[in-house]
1. Filter region 252-289 for residues that are within 11 Å of the ligand (Cβ to nearest atom) and assigned to a strand (DSSP E or B); which is surrounded by the fewest Cβ atoms within 10 Å (Cβ to Cβ)?
2. Out of THR587, THR621, THR627, THR655, report the one residue that is farther than 20 Å from GLY541 by Cβ and either surrounded by 18 or more Cβ atoms within 10 Å (Cβ to Cβ) or in contact (Cβ under 8 Å) with a residue 40 or more places away in the chain (or both).
3. If you take the residues of region 293-311 that are under 24 Å from ALA690 (Cβ atoms) and among the hydrophobic types (A, V, I, L, M, F, W, C), which of them is farthest from the ligand (Cβ to nearest atom)?
4. Conditions: (1) crowded, with 19+ Cβ neighbours inside 10 Å; (2) among the aliphatic types (A, V, I, L, M); (3) more than 30 Å from PRO114 (Cα to Cα). MET412 meets all but one. Number of the miss?
5. What are the residues in region 125-140 that are of a type in the set (D, E, K, R), within 20 Å of GLN207 (Cα to Cα) and either part of a strand (DSSP E or B) or within 7 Å of the ligand (Cβ to nearest atom) (or both), if any?
6. Does PHE221 satisfy the condition of being modelled with pLDDT under 95 and out of contact with any Leu (no Cβ under 6 Å at 6 or more places or on another chain)?
7. Sort through ARG305, ARG274 and tell me the only one that's more than 30 Å from THR344 (Cβ to Cβ) and of a type in the set (D, E, K, R).
8. Check off (1) in a loop (DSSP other than H, G, I, E, B); (2) among the polar types (S, T, N, Q); (3) within 27 Å of CYS440 (Cα to Cα) for SER335 and give me the number that stays unchecked.
Amino acid sequence: MAERELARLAGILSRANDAYHREDAPILSDAEFDALRQRNAAIEARFPQLVRDDSPSAFLGAAPAEGFGKIRHARRMLSLSNAFTEEDVTDFVAGIRRFLNLGPDRPLALTAEPKIDGLSLSLRYENGRLLHAATRGDGETGEDVTANVRTMAEIPQSLAGAPTILEVRGEVYMSHADFAALNTRQAENGAKIFANPRNAAAGSLRQLDPEITRARPLRFFAYAWGETSAPLADTQSGAIARLRALGFPTNPLFCRCDTVPELLATYAGIEAQRASLGYDIDGVVYKLDDLAYQDRLGLRSTTPRWAIAHKFPAELAWTQLEGIDIQVGRTGALSPVARLKPVTVGGVVVSNATLHNEDYIAGRDSRGTPIREGRDIRVGDWVQVYRAGDVIPKIRDLDPARRPDTAIPWQMPDHCPECGSPAIREPGDSVRRCTGGMICPAQAVERLKHFVSRAAFDIEGLGAKQVESFWRDGWIASPRDIFTLKERFGPGQPRQLKNREGWGEKSAQNLFDAIDEKRRIPLARLIFALGIRHVGETSGGMLATHYGSWDAFRSAMSDAQDSESAAYAELISIDGVGPVMAQSLLTSFQAEAAEIDALAAMLDIQPAEARATDSPVAGKTVVFTGTLERMTRAEAKARAEALGAKVAGSVSAKTDLLIAGPGAGSKAKKAADLGVEVIDEDQWLALIGAS
Ligand code: IVH
């Protein structure tokens, strides 16, 4: 009995640990996790002879895997935006036509191919030899997994007839058969059981012993590329054919489609084969075939405009709702979380799901329109759970016939469960928020977790778990305390980090070094890290690009406190910044000026790079008005931004250049009044070297 229970706990805890640390998608609450960990420790203490080789006690609380070098990708590794319906696909293609100004009669070829459910990999070849291999990481920097990749039979070590520099990108995956065989072997050896082929592939590639990778049958499909010293082809399909000729496996279902109905028929065909492919896929990826068009469309912040992933419908399961917990987020939002009787959905055990907000539970949307025909969700109900891709599971519906007689309507608390402050729902807001601000422990700790998260400070060895434990012991109360940890708990201090449970001399020193390394921080990351409501990664980037330096941004935040000021007008003129975000920024900078300034003083904040400093329009603020004849407004704007210009919606004293087409009206007049230079579309194209 005890032995079986230890095996079960090892499985759950390792899955939960992976979900938390690697996938940022917890499958257990912290309380559940701690309870299971304690149960495991108690059984191990009682039956020491049964302690497993892969005992969770050995890996829990350990510092994250050290030892992978970092590789900066020569070109960002992108992600894809998603389409869920046929309408989304139609809109995607129509959007491309609009952007390129292609009438409905002009041909527009696309490609379709399965979206492989694995992990992406970038392979860099120079002079025909594999130089290094890196995981995606945050898209800019990945982990160096070269030694492991050299053991993968499907990946060519050398190439004949390739461009001198060639980065090949694709997906590493494990077949169903290999996954099942691996888990059988693991079970026989009392080793870790993987939850699904994707985790098995990731776990096999992202570990430090190449001999382990060699023993695991990892496979690869090439579907994209990064830097190349010479173009591979003129089209996506040509480039894929070239990669195949060079020796890379490419997906046999890849095909070209000329119309939306053809795309949808291909999607249906691939979906019909899904179960018999022998590996996991979670949708179909469509890409524009013509690479010159791809180039013109360019990128949003992290996704190309010329590709989209058409996802398969989410997987579903029924289970019972055992309770509703309230989680308090970093902005004070009270989020109801469903506690479920554990159920497997698409290969992953789910015991929590989001319930969004109180309206959702009551059976209405944010406008008061009934959802689920107005049925409310009650504790005790049988509910339908689904997962769409990697995201947190959700609840779609409930079965009214199976509702227990005792089930009563659920009520959102009107006080914060963490700090007891009143929780208020403002008109127009769909969520109730704790009013405790930084006195609320949940908000404080969530803000710290956000601060160290991957897209923010991303300090190696300081993840959510560590921050929580430092916070609990009063070592870190606010972000700036992170940067004084060494002074307070470093060598020579009465209390030292190296003596804490789970830490040692080396890991403590590594953490201090990692913190020091991150004092040098790009402006965009810092703005995002501050955790201001409505200011996400993209907005952080836009604000940084607009203001350039911390000093400029910081003074704007003071000057703009007056809503009549020029600074305020400038702030809301930034593309993507509306009055709501502006207000949120200004409120935070007013309320937390001292904290923010103290933090900034400890950092070396890197000014935002104008994206292309050698272009004649880099750093210039430009405005388009009137009709453009040679490209659409969207394309003009995207191109200008790609050259490092800021595109504003209205003319002000900050405007450097107005590009006026026929029909220009008040903006041209205002520019003339302000003495702003005005040019026409041809002059603009000549200026940027595109005529
Ligand atoms: S193309 C634009 N093609 O999906 C180029 N991605 O959600 C970037 N993926 O990070 C990706 N199969 O890891 C592309 N056939 C496919 C893919 C694919 C799987 C993954 C890839 C990417 C993620 C985006």
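1. It comes out as ASP282.
2. On inspection, the qualifying residue turns out to be THR655.
3. So the residue we want is LEU297.
4. Every condition holds for MET412 apart from (1).
5. Residues of region 125-140 of a type in the set (D, E, K, R): 126, 129, 136, 138, 140.
Next cut, within 20 Å of GLN207 (Cα to Cα) only: 136, 138.
Scanning region 125-140 gives a single hit, ARG136.
6. Criteria not met by PHE221.
7. ARG305
8. Among (1) in a loop (DSSP other than H, G, I, E, B); (2) among the polar types (S, T, N, Q); (3) within 27 Å of CYS440 (Cα to Cα), the lone unmet condition for SER335 is (1).
The values are calculated or read from the model by the stated rules, or taken from the named source; none is laboratory data. Because the structure is predicted, anything quoted here is derived from the model rather than measured. Quick reminder, even Gly has a Cβ in these numbers, built from the backbone with ideal geometry, and neighbours come from all protein chains shown.
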